1. So how strong a dipole does the chain carry about its Cα centre when Lys and Arg Cβ are +1 and Asp and Glu Cβ are -1, to the nearest 20 debye?
2. Report Rg/Rh for the stretch 150-268, rounded to two decimals, where Rg is the Cα radius of gyration and Rh the Kirkwood radius.
3. Just the number, please: carbon plus sulfur as a percent of the accessible area of the stretch 62-155, 1.4 Å probe, no ligands or DNA/RNA counted.
4. For the chain, what's the relative contact order in percent, using C-alpha pairs closer than 8 Å and at least 6 residues apart?
5. In terms of Cα to Cα distance under 19 Å, which aspartates and glutamates are near enough to Lys138, apart from those fewer than 8 places away along the same chain?
6. Have a look at Ser122, Leu160, Tyr216 and report the one farthest towards the positive end of the charge dipole of the chain, computed about the Cα centre with Cβ charges (Lys/Arg +1, Asp/Glu -1).
7. Comparing Tyr27, Tyr13, Tyr125, which has the greatest mean-square fluctuation in the GNM of the chain with Cα pairs linked when under 10 Å apart?
8. Using a 1.4 Å probe on the protein heavy atoms only, what accessible surface does His106 show? Give it in Å² to the nearest 10.
Amino acid sequence: MPKIKANNITINYEQQGSGEPLLMIPYLAADNACYAFQVEDYAKRFTCISLDPRGAGESDKPAGAYSTELFADDVAAFIAAIGLDRVHVAGLSLGAAIGMWLAAKHPARVKSLSLHSTWAKSDAYLKVVVQGWQSMAKGLGSVTEMIIQGILPWCLTPELYAAKPEHIEAIESFVRSRPPQPLAAFLQQSEAVIAHDATTQLAKIKAPTLITFGRYDFVTGARFVDVLKGGIANSELVVFEDCSHAPIYENVAEFNAKTLAFLGRQTG
C-alpha cells in the first residue's frame, strides 16, 4: 500500500476503483480496511481512497495530544499531497467527526459530505462510554480484544448477535487480522473523541451533506440528530431502522444502496 508525507506525518492509504474521488475516513481504532464491505460497491462508481488516520494502522503515531481538528488538518494535507483538489468525503463515528471539521475548516476540499453515526459534541454519556473502553483496553492490555469485547457490542444489535453468530465471528476475525493499535495511540485517539466539539463549525459546512444513524444506536444516535440537521444547512437524513452504531456491517446492502444514491446525486 502507498504511503505519503502530509502535515509532518507519514500516512498510509489504499486506492481502488475509478470515477470521482471518494475519501473514506475510518472510525476509532480502525485502519483503512474498515470499509471493505462498502468499497466493493463504491469502487464501481468512484475512486475510493481510504487512509489510516494518525495513530492507527500503518500511519505514524506521534506522541502528543490528538484532536478531531488535528485529524482534519492531516486529511486536508493528505488530499493536497496526493494531487487532488476536491473530493467526496465519508466517515463513520470518529471518521465523520473528522469530516465535519474538514468540511468546515477546509471547504474547498470537500465536494460532498457523508456523516454516519456521528455527533457534534461529546456529552456526558458518550464520555463515560469511551472512558469505559479506555479502562478495558488498559485492563486487557490489548486494543484488539477491547474492540471485540467492549466496542462491538455497542455497535451491533443484540438481534444480530443472536441471529447471525457466524457474521459476528467473521467481524471478530477481521478485527484480529488487522495491524494491532498500540494502547498509547488508542488512548490518544479516544481522548480526541471525548474532547470533540464541532458545534461552532456546523454552520460553516456548505457541502451537500448526508446524515445517517441506526435507530438502535445508543453511542451516537438520535439524540444528536437535531443539532446536526439544524446546524448543517444543506443536509438530509437517513435512518437505518434495524441497526445500531455500525450499519456498514449490520445491513450492508441497504447502507450501500442509500449512501450510493446520495453520492450519485453529487457527482458531475
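1. 720 debye
2. On the way: Rg = 16.4 Å, Rh = 16.4 Å.
Looking at the stretch 150-268, the ratio lands at 1.00.
3. On the way: 1790 of 3140 Å².
The value for the stretch 62-155 is 57 percent carbon and sulfur by accessible area.
4. Values: 544 pairs, mean separation 54.5, N = 268.
20 percent.
5. List returned: Glu191.
6. Of the candidates, Ser122 comes out farthest on the positive side.
7. Largest GNM mean-square fluctuation: Tyr125.
8. Counting only protein heavy atoms, His106 exposes about 50 Å² to solvent.
The values are calculated or read from the model by the stated rules, or taken from the named source; none is laboratory data. If you're wondering where the values come from, they're calculated on a predicted model, not measured in any experiment. Glycine gets a Cβ as well: all are built from the backbone with ideal geometry, and neighbour counts include every protein chain shown. Side chains included, ligands, DNA and RNA excluded: accessible areas come from the protein's heavy atoms. Shrake-Rupley method; radii C 1.70, N 1.55, O 1.52, S 1.80 Å.
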